[in-house]
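Everything on this sheet refers to the single structure shown next.
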Amino acid sequence: MECPYCRQLDSRVLDSRLAAGGTATWRRRECDGCNRRFTTYERVEHTLPIVVKKNGQRQPFDRQKILRSLQIACNKRPVSADALEEQAAEVERELAASGEKEVSSLTLGERVMERLKGLDEVAYVRFSSVYRSFRDIDEFMAEMSKLVRARNMD
């Protein structure tokens, strides 16, 4: 691993732990050249599908976009950053395991909404109101009614 300070290629691992809900490995390293310490993270590189947007544009899957969407939906809600990270990682794992070459942004949004429904109902409503682009209060109330019915069935 190249040292970020002196560019030496040799370093020693001093400590290693699982991070990000087990999806990454955190390593504390020491450079053999300058003896400075630095941290690295290792992740398994998955072959992820291309996301097909509503307008037909194609772009690589970006886990950070999922995480940002979850953070916005859960703003000022009692949901930990670790829980959001885990949900984003789970969506990424599902996509990698699916083996699909392409996935529509609509399908991706539905997966995120399902996760939010179990995580925080207010965040779910926030996300779905933006994602589904409700045209009026009647559409919004219909979605709320579905949520209340589903909750009463549990």
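Annotations for the structure displayed:
- Taking other C-beta atoms within 10 angstrom as a stand-in for reagent exposure, Ser145, Ser11 fall in the order Ser145, Ser11, fewest first.
- Of the GluC sites (Glu not before Pro) in segment 1-75, the ones in a loop by DSSP (not H, G, I, E or B) with at most 14 other beta carbons within 10 Å are Glu2, Glu45.
- Looking at the chain alone, DSSP beta bridges between its own residues are antiparallel in about 85 percent of cases.
- Dividing the summed helix terms, -39500 (n - 2.57) for each DSSP H run of n ≥ 4, by the number of residues in the chain produces a 222 nm estimate of -15000 deg cm²/dmol to the nearest 500.
- Each of Leu9, Leu84 was scored by other Cβ atoms within 10 Å of its Cβ. Listed from fewest to most, they are Leu9, Leu84.
- Folded to 0 to 90 degrees: helix 105-119 orientation relative to the chain principal axis, Cα: 90
- Computed over segment 50-153, relative contact order equals 30 percent, with contacts defined as Cα pairs under 8 Å that lie 6+ residues apart.
- Partnerless cysteines, meaning none of the other Cys C-beta atoms lie under 4.7 Å away, in the chain: Cys74
- Count Lys and Arg as plus one, Asp and Glu as minus one, and take only other residues whose Cβ is under 12 Å from that of Glu30; the net charge is then +3.
Since every read-out is calculated from the coordinates, none of them should be taken as a lab result. None of the values given here were measured: they were computed from a predicted structure. Counting neighbours? That spans all protein chains shown, and the Cβs are built from the backbone with ideal geometry, glycine included.
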